[in-house]
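Undergrad: Here it is, the structure in full.
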Amino acid sequence: MDRRRFLQSGAALAALTAAEFAPWQNMSALAKEVDDFVMGPPIKDHPLQQITKHVWMIYSPDGFPTPENQGMMCNLTFVNTSKGLVVVDSGASVQIGEMAIRQLKKAFKKPVIAIINTHFHGDHWLGNDAFEAAYKGLPIYAHPGTIHEIKTMQGNLWRRLMEQWTNQATLGTRVVPPNMPLEHGAELKFGDVTLRIHHYGPAHTQSDICVEVVEDKLTCIGDIAMDRRIANMDDGSYVGTFKTYDLLEKNAASSLWLPGHGKASDYVLKWNRELFEGIYRPCEQAVKDGMALEEAKQVVLKDPRVASRAKDTKGFDVNIGKYVSIAYLEAEAAGF
Ligand SMILES: [Zn+2]
């Protein structure tokens, strides 16, 4: 049976009813089976758009996952090489990956030949499932730290979180971890296109990579910087992010930075650097002066670099308190 139809057919309901009477040992096996069969609904088409000669993207207008957007919250990027298409970040679900494949088949007469995942947050790799099913044996590249995180705790954690946030719209998505490690300085050649990998230690996570499309002077930066959206810094480092910006600007000969969230521009790093400086530097000073966290928060909110961005930054009100706490703890740990 088509696994998509399973839910609608009533067979899933029958299985669940049977589960009520099954001994508990059998229930977990059954739950797993139902889990494997039940699929969330397909996601509507989002258009492909061309950014530079070789780089295309499916833009995500929303910054956070909801039942309405079915997890469509992260840009998907495609590099059109003479050998085939390379995907940079595959989206937050199998449904999003399948939608992307529909768009690619309409626009190109060539296969997907590789995926690169920039980091382990699920909105950037849960779509691997769809590509792996459509293009068997696909190499999926990521930093070794990202591969480790997805294979251990973060893989299933993100799959479950995405199901919760979208009210089960992403159900049916399997964890397909990257299978090819990529270190800083690696160069991947795909016909007429060279992809150069950058990693400068902890930034948004411990193991982010940025993908420089050398011929196009464009770098995919994952989540190390965002365009008018506050980044999740739970796994990150402010100081590490500043260092990464400095080295990336020095070493990646790019005039366009393409983030996972928001639009590509020449000012994404600058925009995000100023916001983060406005959060981190007052915290650093507060720790030096023995000021409490709550007071530090007030100083941050008044900082012009933060205040000026508050209004048009997605997720600002909900997240700023938490991100000040993270900055304050990082400054404290740095020993001021
Ligand atoms: Zn992220």
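The values are calculated or read from the model by the stated rules, or taken from the named source; none is laboratory data. In this text the structure is predicted, and so the values were computed from the model without any measurement. Positions of Cβ are backbone-derived with ideal geometry, glycine not excepted, and every protein chain shown enters the neighbour counts. Keep in mind that these areas ignore ligands, DNA and RNA; they rest on the heavy atoms of the full protein, side chains included. Shrake-Rupley method; radii C 1.70, N 1.55, O 1.52, S 1.80 Å.
Undergrad: I'd like to check which strands (runs of 3 or more DSSP E) are fully inside the stretch 171-266 and have at least 3 residues that are more than 16 Å from the ligand (Cβ to nearest atom) and open to solvent by 20 Å² or more (accessible area, probe 1.4 Å).
TA: Qualifying strands (runs of 3 or more DSSP E): 187-190.
Undergrad: If the requirement is being modelled with pLDDT of 95 or more and either touching a Phe, Trp or Tyr at 6+ places or on another chain (Cβ under 9 Å) or in a loop (DSSP other than H, G, I, E, B) (or both), which of these qualifies: Ile96, Ile101?
TA: After ruling out the rest, the residue left standing is Ile101.
Undergrad: Is the stretch 135-149 home to any residue that is within 15 Å of the chain's Cα centre (by Cα), farther than 23 Å from Lys250 by Cα and charged (D, E, K, R)?
TA: So far as the stretch 135-149 goes, yes, one or more of its residues are within 15 Å of the chain's Cα centre (by Cα), farther than 23 Å from Lys250 by Cα and charged (D, E, K, R).
Undergrad: Taking Glu274, is it out of contact with any Asp or Glu (no Cβ under 8 Å at 6 or more places or on another chain), away from the ligand (no atom under 16 Å from the Cβ), in contact (Cβ under 8 Å) with a residue 60 or more places away in the chain and open to solvent by 30 Å² or more (accessible area, probe 1.4 Å)?
TA: no
Undergrad: Considering only residues that are aliphatic (A, V, I, L, M) and in a loop (DSSP other than H, G, I, E, B), which ones fall in the stretch 104-134?
TA: Leu126 - this is the single residue of the stretch 104-134 that is aliphatic (A, V, I, L, M) and in a loop (DSSP other than H, G, I, E, B).
Undergrad: Within the stretch 308-336, which residues are open to solvent by less than 50 Å² (accessible area, probe 1.4 Å) and of a type outside the set (Ser, Thr, Tyr)?
TA: Arg309, Ala310, Gly315, Phe316, Asn319, Ile320, Gly321, Val324, Ile326, Ala327, Glu330, Ala331
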